[in-house]
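The values are calculated or read from the model by the stated rules, or taken from the named source; none is laboratory data. On a predicted model such as this, the values are computed, not experimentally measured, just so you know. A quick note on method: Cβ atoms are made from the backbone with ideal geometry, for glycine too, and the neighbour counts reach across all protein chains shown.
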Amino acid sequence: MPTVAIIVMNRDRPEITDRVVEQISLLGCRSDIQKTLIVIEAGSKRQSGCSQYMTHWFSDPKYRGRYFAFNEGLKRAAELGEFDYYWFVVNDIEFSEEQDCLTELIECMEEEPQIGLIGPCELEADDYRGAAPQPEKRRWHKAATVHGLAHLIRGEVIQNIGYMNPAFHYSQGAGSEYSYKLYSNGWWMAYADRVTVTHDKSGSTYGKVVPISRHEYQRRANKFASQYLRKKYGADWDIRFANALPDDIECVTFQWQKEVWSKSLRKNWREVCPAIWRLGSRLKRLLGMSRGPIQ
């Protein structure tokens, strides 16, 4: 009987978290799958921000991101014992009613014991290469990286390698580093072609419930990923990661990711340094008032 710990994270978005949990309750319908649900609250407001399905809460005033929250959820799962699989699910996705995503992910894992991590494909995933499904050709395909929307990870991988690095507060780059760790240890990453998710790309947290816009999130995410990977793995980290992959990967994403993350995005100083912006505006007004009429 396969056991799976399902970890869902929330930060002050109970309406979408509740919807995802209710969808998950209908998945994994194979009678021998034993599910344990953990809904981890990443510092959500106690009275108004928590899901009705909350199981655990931790203080996170500055919000340290999805992977920090999932690692906290993993600690709570460890208190219950070890599981065959761990499913990490974000709250701003929607599963197809016609598909049993969890059952299909587990069956792909059972079919190929070398898959360490698998996720559903994503429709219209222009910003995540390699995620498009081709169910008419195959059941699953190996991938260099897999989007972080609904990772199913084998328990043996969690126990030996761990989960994503919680230092990646802005997500970008964590999956690439994890891919390198998995492939370097003989595991594969994969997409399941017969199941898909739809992602609300407007953002579940940044630009919604924490004081940072999506643009600023993207700027910080790119900068952190670029600097972290360069510092830890070298300027040619993309080549190093690619060399760890088997030859039959259809879409090697590392060079493309490196190019995207290395591009500097323009700062919105009103948002990045609001106190300095307000001071500058005040000085401009004072200077304008003191100039007097033009002679």
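Things to note:
- Check on Pro166, part of a loop (DSSP other than H, G, I, E, B), at pLDDT below 95 and not charged (D, E, K, R): no
- The residues of segment 116-148 that are in a loop (DSSP other than H, G, I, E, B), at pLDDT 95 or above and either on the phi > 0 side of the Ramachandran plot or crowded, with 20+ Cβ neighbours inside 10 Å (or both), listed by number, are Ala143, Ala144, Thr145, Val146.
- Test: residue in segment 102-109 that is under 23 Å from Ser51 (Cβ atoms), assigned to a helix (DSSP H, G or I) and touching a helix residue (DSSP H, G or I) at 6+ places or on another chain (Cβ under 9 Å): yes
- Criterion (buried (at least 21 other Cβ atoms within 10 Å of the Cβ) and more than 18 Å from Gly148 (Cβ to Cβ)) met by exactly one of Glu97, Glu41, Glu82: Glu41
- Of all residues in segment 163-185 being closer than 25 Å to Tyr63 by Cα and of a type in the set (A, V, I, L, M, F, W, C), the one that is surrounded by the most Cβ atoms within 10 Å (Cβ to Cβ): Ala174
- Every residue from segment 222-273 that is in a helix (DSSP H, G or I), among the aliphatic types (A, V, I, L, M) and at pLDDT 95 or above: Ala225, Leu229, Ile239, Ala242
- In segment 209-225, the residues that are farther than 14 Å from Ser262 by Cβ reach residues that are charged (D, E, K, R) and in a helix (DSSP H, G or I) with C-beta atoms within less than 7 angstrom, at least six apart or across chains, in these pairs: Ser213/Glu271; Glu216/Glu271.
- Pairs linking a residue in segment 253-274 that is under 30 Å from Tyr191 (Cβ atoms) to a residue that is aromatic (Phe, Trp, Tyr) and modelled with pLDDT of 85 or more, with Cβ atoms under 9 Å and 6 or more positions apart or on different chains, are Phe254/Tyr180; Phe254/Trp237; Phe254/Phe241; Lys258/Trp237; Trp261/Phe224.
- Checking each residue of segment 186-207 against the condition of being surrounded by fewer than 17 Cβ atoms within 10 Å (Cβ to Cβ), in a helix (DSSP H, G or I), free of Cβ contacts under 8 Å to residues at least 40 places away in the same chain and not hydrophobic (A, V, I, L, M, F, W, C) gives no match.
- Screening segment 140-194 for residues that are under 17 Å from the mean Cα position of the chain (by Cα) and among the β-branched types (Val, Ile, Thr) and picking the one that is nearest to Val252 (Cα to Cα) gives Thr145.
- Residue in segment 55-63 that is in a loop (DSSP other than H, G, I, E, B) and over 25 Å from Ser171 (Cα atoms) present: no
- When each of Lys75, Lys137, Lys45 is tested for being free of Cβ contacts under 8 Å to residues at least 60 places away in the same chain and under 15 Å from Arg11 (Cβ atoms), the lone residue that passes is Lys45.
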